[in-house]
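Q: This is the structure I want to talk about, given as structure tokens.
The values are calculated or read from the model by the stated rules, or taken from the named source; none is laboratory data. Keep in mind that this is a model prediction, so the values were computed, not measured. Positions of Cβ are backbone-derived with ideal geometry, glycine not excepted, and every protein chain shown enters the neighbour counts. Just so you know, the surface numbers come from the protein's heavy atoms only, side chains and all, with ligands and any DNA or RNA stripped out. Shrake-Rupley method; radii C 1.70, N 1.55, O 1.52, S 1.80 Å.
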Amino acid sequence: MNKKQDFKSNIKEYIMTVVVSFIMVFTISFCVQFELMFRSEQNVNFKELNVENLSKFWTIEELEKQLISSPDDYVLNVRLAVLYESLNKLEKANEFYKNALKLSGRSNFSLYSYAMFCARNDLFIFAATLAEELSGSNKQTNTYKAKIYEQLGISFDRKNNILASVSSYQIAYKYAKSIGDSKYLKSIKTQYAREYVKLADLNIKNKDFLQAISDLKNSLQIKETAIANYKLGLLYLDSHPAIAEKHINKAFNEDVFVVNPYVYNSLLQKLISEAQILKKQGLYNFYNSRLTRFKNKVANSYLYKNEVLIDNSTLVYKKSIWNKIKHILVFEIKNNTKEDIKNLFIKAELFVNGQKYVIEKKVVNSTNPLSAYEMLRYEDMELPQNIEFNNLNQNNDIFVRYFAKRCKEAPWLLLKIDFLNI
């Protein structure tokens, strides 16, 4: 009896093992197949979306041979169209784009490809018509539409039709928001906001200041930028100084070099004086603290004339271990202020035999500051290997211009013009 029960038990376990194994194999196979299908579709979509990639590594001759054997292949037509467009043979490209449209039964991909061609080549109305013919409201269709209207915005901007460019970016932005691609959306927002600033510039030129204010506010709603805040502040400078200061301060905090320091300094001084006259101690303290912070930040950002001096510049020749000659520019540097300089970049422009050579170097950092007033030290900068000194004689001069700045984003300040005798 026990043997029979053991036998039945073993049979059941065997059957269960087989069934479970079959289910697992089926499930794994299904998952693998599904994954391959997904990746394949993703790959096709990627290739379709990037039309320019379709012609990579193919010549016109190779594609036209393929087209003879596959005359109904609309993707081959698109590939040829892209190649002809890249060669600026626009009539031929147009012919192949139209062919692709016809052969595909006006598929979304062929519509998108042709619309991009039209947008790039100033066929604006036709491009927009093709974009609106795209069917569906899925991610891919919305991506197609966003890219078409983005290209229209770029082309309108190139033609200096800024109002039309703004309208195009507005539509591109609408579709980009629905895609779910944060990087692409950020790019569209940047371009869209920039076009509104350009539109404001046009309205300022036409003395339509109210419309310019509206344009800049629209730009800031899309994306906060230093340039939009600064320009809006300038428009409020005479009528609403407090509002002007609010926007200029935002611009200054984001990018100190967008703001004219003399303009902002004058504005703060004006607001401090008004607060003092009106006996508003709170406002006086507020603007006074901003002025102090502004001065400190400017002092650490800009370099002013005569704050740094360069002297005793000369050329030194050194031999490397392989007997190669190295040319070193050596100079004396002086901090002419009463405070340590903790960041300093030097640029030297050398003119040798009519050729210009540029070298840059960070000569001072926070761990090795240039000490305060009256301190001197030597710095050296290795010159490029391709400078030809061999043809120079003792009477030839090398013309050198020295520039300096406190940080990478700052403008260069010309320190000295010098001549080096060889």
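Q: What shape does segment 178-315 take by its C-alpha gyration tensor, where a ≥ b ≥ c are the square roots of the eigenvalues and a/c under 1.5 counts as rounded, a/b above b/c as prolate, and the rest as oblate?
A: Note, shape of segment 178-315 comes out oblate.
Q: A 26 angstrom limit on the alpha carbon distance is what I want to check against. Which of 98/177; 183/246; 246/342; 186/231; 362/416 exceed it?
A: On the way: 98/177 30 Å; 183/246 30 Å; 246/342 30 Å; 186/231 22 Å; 362/416 17 Å.
Checking Cα-Cα distances, 98/177; 183/246; 246/342 exceed 26 Å.
Q: Over segment 245-287, with the other protein chains present, what is the accessible area per residue in square angstrom, probe 1.4 angstrom?
A: Details: 2450 Å² over 43 residues.
That works out to 57 Å² for each residue.
Q: Calculate the spin-label point distance for residue 210 paired with residue 177, positioning each point 7 Å from the Cα along the beta-carbon direction, and give it in nanometres.
A: Each label point lies 7 Å from its Cα, and together they span 2.8 nm.
Q: Here's something else I'd like to know. Rounded to the nearest 0.05, what FRET efficiency is calculated for residue 274 and residue 358 with R0 set to 56 Å and r the Cβ-Cβ distance?
A: Calculated value: 0.75.
Q: Longer than 30 Å from Cα to Cα, which of 324/356; 198/305; 147/198; 207/279; 189/295; 159/356 are they? Say none if no pair is. Display every interim value, and only then the final one.
A: Working: 324/356 22 Å; 198/305 33 Å; 147/198 21 Å; 207/279 36 Å; 189/295 33 Å; 159/356 35 Å.
Pairs exceeding the cut-off: 198/305; 207/279; 189/295; 159/356.
Q: Sticking with this structure for a sec: Based on alpha-carbon centroids, what's the gap between segment 126-185 and segment 257-279 in Å, whole number please?
A: First find each Cα centre; the distance between them is then 43 Å.
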